[in-house]
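See below for the structure under consideration.
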Amino acid sequence: MSATANIGVIGLAVMGSNLARNLASREGNSVAIFNRSYDKTTALVDSHPEANFIAAETIDEFVDSLKSPKTAIIMVQAGAGTDAVIELLKERFSKGDIIVDGGNALFTDTIRREKEVAALGINFVGAGISGGEEGALLGPSIMPGGTKEAYKTLGPILETIAANVDGEPCVTHIGADGAGHFVKMIHNGIEYADMQLIAEAYDLLRKAGDFSPNEIAEIFEEWNRGELESYLIEITAEVLKQTDAKTGQPLVDVILDQAGSKGTGVWTVQSALDLGTPVSGIAEAVFARSLSAQAAQRAGKPELPAHAQTWSVEDKPAFIEAVRRALYASKIVAYAQGFDAIRAGAKEHNWEINLGEVARIWRGGCIIRAQFLNRITEAYQKNENLLSLLFAEYFVSAIDGTLASWREIVAMGALTGTPTPAFASSLSYYDGLRAERLPAALVQGQRDFFGAHTYKRVDAEGSFHTLWSGDRSEIQTS
Ligand code: NAP
């Protein structure tokens, strides 16, 4: 087989097939393809003759068909599948060649793999790819890590297939080794929070506002014309409009209310816990899915008292607007927490991540694409050392306009017994950040009481301990 392909794709399930088709559709690309089971390869070639794929039956044929520097994108099942394919390529690739893992790898795996592959002089790029199967085909948002040198070869190829917003491709070099997969993980965490917040808005509109799914679909369509404009709001309206063919009921009413997940939300929260950065909105979204999936507890629960109030919504347009504002404010918090986590991860792992660029490449192709990402980019362009998105002038004033409604909606959730974990925790986070004094002072006192963990004083340097079981005088310990 002659070496004519400038790029190859390994793994031809839904994501790999679509990415390979996307690559083949762009001028200048010649795409080699390989899958462990050959039937997927022939099926793709037969269904898309226009792509002119260079189809390989064996891994050797695949590698031989690639021009130097040989560049292959792995799109196989994350975990053991990825490791197996990397082994095959490590044995066949040479110095300067590029292995790209486009799967949803845990960033610590990517750091490990990069070390192992780089030891052979081969480049390894962990690239987060968001947008699901449609994004892979039409233009995803791509978050590549790895070396700057590898990006010089890979970047122009990825730019041809990425989503495009205002003439700019939604791809940028994120940072070294696992930075790309880390940022993709946080993207997915924000996605969890965004989806949960939308679901809570729906629940309040449905239960407290007494709107039908069709009416709520129309409300979401309206919201999608304003500052909440986003892919997730758009598809929510589509889901709510859908009627079940079997029963004639709204589809949302016949879907079992137990949410699944594939783990990236959990990874985000675990990583944030390790970094000590509060991603409370994302965590609540992950836990809300866990609670929904606790089938045994939910089925076996006794009659639990509620003492809930009914809230009569007299002014329906005002109520809709209040829910919209609560959703917008909570969403800003979710993004602020996500960007904080990226900054904390970058500090921990010595990645140089441009937060404004991250917001820029999330504007198209990915699941959390949203109009207001432009505002996030602008905020970081104005001040790249912004301590929190919530401190940017634009967001200070955006939240200012929502606060009265946000508090009212969280209170309404509590009074009517409608769970709003993400709305409520986002508001608590905001109030925590805003507070002059936090009760953490009391927690420090408690810690010192039972564990002599010491505390610091507001009016002196050093660490102090009170002799709680003695005469309760204070001693300075350092
Ligand atoms: P998938 O179901 O995750 O994986 C199936 C593919 O992996 C098949 O091509 C399979 O080959 C291959 N594979 C599994 N174990 C292997 C091994 N040991 N050696 C060689 N090949 C192996 O496929 P997918 O849904 O297309 O996703 C691909 C990657 O993209 C995953 O990492 C996924 O997390 C990520 N991703 C998916 C989405 C999405 O919306 N689905 C979005 C973003 C990212 P055979 O055909 O031979 O079994």
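The values are calculated or read from the model by the stated rules, or taken from the named source; none is laboratory data. Only a predicted model underlies this, so the values are computations on that prediction, with no experimental measurement involved. For neighbour counting, all protein chains shown are included, and Cβ atoms are generated from backbone atoms with ideal geometry for every residue, glycine included. Note: areas computed on protein heavy atoms with side chains; ligands, DNA, RNA excluded. Shrake-Rupley method; radii C 1.70, N 1.55, O 1.52, S 1.80 Å.
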For this session: Quick one: pull the percent of accessible area on the stretch 35-83 belonging to carbon and sulfur, 1.4 Å probe, ligands and nucleic acids left out.
Result: 48 percent
For this session: Just tell me which lysines come within less than 23 Å, Cα to Cα, of Lys241; anything on the same chain fewer than 8 places away is out.
Result: Lys207, Lys316
Exercise. What number, rounded to the nearest 500 deg cm²/dmol, is the helix-based mean residue ellipticity at 222 nm of the chain, given -39500 (n - 2.57) per DSSP H run of at least four residues and division by all its residues?
Worked result: -17000 deg cm²/dmol
Seminar exercise, completed: Carbon and sulfur atoms account, in whole percent of the 1.4 Å probe accessible area of the stretch 150-302, for 52 percent
Exercise. Quick one: of the DSSP bridges fully inside the chain, what percent are antiparallel, nearest 5?
Worked result: 40 percent
Problem set entry | At most 11 other Cβ within 10 Å, DSSP loop - GluC sites (Glu not before Pro), the stretch 276-328 | Glu303, Glu314
For this session: Compute the Rg to Rh ratio over the chain from the alpha carbon atoms, using the Kirkwood formula for Rh, and round to two decimal places.
Result: 1.03
Exercise. Using a 1.4 angstrom probe and counting only protein chains, how large is the accessible area of Trp267 in Å², to 10?
Worked result: 60 Å²
Exercise. Expressed as a whole percent, how much of the Cα-Cα distance distribution for the stretch 225-341 exceeds 19 Å?
Worked result: 68 percent
Exercise. By how many degrees, 0 to 90 and rounded to 10, does the Cα axis of helix 373-382 deviate from the longest principal axis of the chain?
Worked result: 80 degrees
Exercise. Which FRET efficiency value, to the nearest 0.05, do you get for Glu91 and Glu50 by plugging their Cβ-Cβ distance into 1/(1 + (r/R0)^6) with R0 = 41 Å?
Worked result: 0.80
Problem set entry | Gain upon complete extension [Lys246, Val396; 0.36 nm per residue less C-alpha separation] | 49.2 nm
For this session: For the stretch 1-90, report the convex hull volume of the alpha-carbon atoms normalised per residue, in Å³, without decimals.
Result: 83 Å³
For this session: Can you run the Rg to Rh ratio on the stretch 232-292? Use alpha carbon positions and the Kirkwood inverse-distance Rh.
Result: 1.14
Exercise. Against the longest principal axis of the chain, how steep is helix 316-349, in degrees 0 to 90 to the nearest 10, with axes from Cα atoms?
Worked result: 60 degrees
Seminar exercise, completed: So Lys207 and Glu57, fully extended at 0.36 nm per residue minus their Cα-Cα distance, gain in nm 48.4 nm
Exercise. Rounded if a/c is under 1.5, else prolate if a/b beats b/c, else oblate: with a ≥ b ≥ c from the C-alpha gyration tensor eigenvalues square-rooted, which is the stretch 358-478?
Worked result: prolate
Exercise. When the solvent-accessible surface of protein heavy atoms is calculated with a 1.4 angstrom probe, in what order do Lys331, Lys262 fall, highest first?
Worked result: Lys262, Lys331
